[in-house]
1. In percent, how large is the relative contact order of the chain, given Cα pairs closer than 8 Å and 6 or more residues apart?
2. Just how many pairs of Lys in the chain have C-alpha atoms closer than 15 Å, counting pairs that are eight or more places apart or on different chains?
3. Could you run the Debye sum over the Cα atoms of region 118-276, one equal point scatterer each and no solvent, and tell me log10 of I(q)/I(0) at q = 0.09, 0.12, 0.18, 0.21 Å⁻¹, two decimals?
4. In which sequence would C246, C186, C21 go, from the one with the fewest C-beta neighbours within 10 Å to the one with the most?
5. Cα centroids of region 87-117 and region 154-214: how far apart, whole angstrom?
6. Rg to Rh for region 190-279: what is it, with Cα atoms only and Rh by Kirkwood?
7. Subtract the Cα-Cα distance of L124 and D259 from 0.36 nm times their separation in residues, and report this length gain in nm to one decimal.
8. Output the Kirkwood hydrodynamic radius of region 42-120, Cα pairs only, in Å rounded to one decimal.
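Readers should treat all values here as calculations from the given coordinates under stated rules, not as data from a laboratory. Keep in mind the model is a prediction, meaning the values are calculated, not measured. Cβ placement follows ideal geometry from the backbone for every residue including glycine, while neighbour counts extend to all protein chains displayed.
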Amino acid sequence: MKEPKLSPTPSNVYSFSRVKCFDQCPLRYRYRYLQGLKEAFRSIESHLGSKVHDILEWLYAERERGSEPDEAAMLERFADRWATGKDDSIAIVRVDDDEADYLQLGREMLCQFYGDTFARDRSLTLSLEQRLSVRLSNSIVFTGFADRVGRTEQGRLFVIDYKTSKTEGNGAEFSEGLQAPLYAACVLEQFDEEEALAGYHYLRHGTTRWQRVDRVRARQLMDRFLDLANEVEASGEFPARPGILCAWCGFNADCPAADVPDRFSGGLRLAQRESRRLF
């Protein structure tokens, strides 16, 4: 593969995304994290999630500065962020979809969040997009970014992670059973407290689900993640794991095992054009 290079991720630093990538496809993991290769495209879903997160961060940052932006200002900023952040590397994977539908979906999620949550939220913001890091062993460091860390009106410490996915999680999944709870475990260490709440807010549904993380569970979560990271660290083989996620993988044009249905080939087509430019 001849791909533009990024910097390989330091071998001892593991984010949840890094471990999840290995679980989904070891070959994609090798390309991205060990070889530091850049994927040929980003999906429109990724762009949507990124820009919605930007606006949620902005809303709470403005409130902390003593300002209360209205809904119209929020939507204007979202439209600007959407346009300025979009480039030729963003692919609409589902070929029958339209960019305007994703833009409208973003507007709808933000308006629902503004009216149902932000306007009523009186919790204190402690940090936004905070980098968290904790050493799990001599050789493994966990790191991640918490969307928002705060305190409820009753003084309880919490971490919230915003999700733009179609479905709500149930807390027991590989992803949601670990990610926000791990962030809460890190926050417990930082603030030297005995308990924190880990929450997921599902923006398409307007719902929030909370999990309680005390010191005992925090230790269990860190031990579990350390086991996963050690498994990745010890792996000497990186086979492709073809499946539906191939359509959203920016290496699919160069992977001999990629399985991309025609109806999900928007990213593949863009990647093939990029690949021809690279050879």
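1. Numbers: 434 pairs, mean separation 64.5, N = 279.
Dividing the mean separation by the residue count of the chain yields 23 percent.
2. Numbers: K2/K38; K5/K38; K51/K86; K51/K163.
Within the chain, the lysine pair count is 4.
3. Each listed q maps to, in turn, -0.41, -0.69, -1.10, -1.25.
4. C21, C246, C186
5. Centre-to-centre distance over Cα atoms comes out at 24 Å.
6. On the way: Rg = 20.3 Å, Rh = 17.4 Å.
Taking Rh as the inverse mean 1/r over Cα pairs, Rg/Rh reads 1.17.
7. Details: separation 135, 0.36 × 135 = 48.60 nm, distance 4.65 nm.
Roughly 43.9 nm would be gained on extension.
8. Values: mean 1/r = 0.0760 Å⁻¹.
Kirkwood radius, region 42-120: 13.2 Å.
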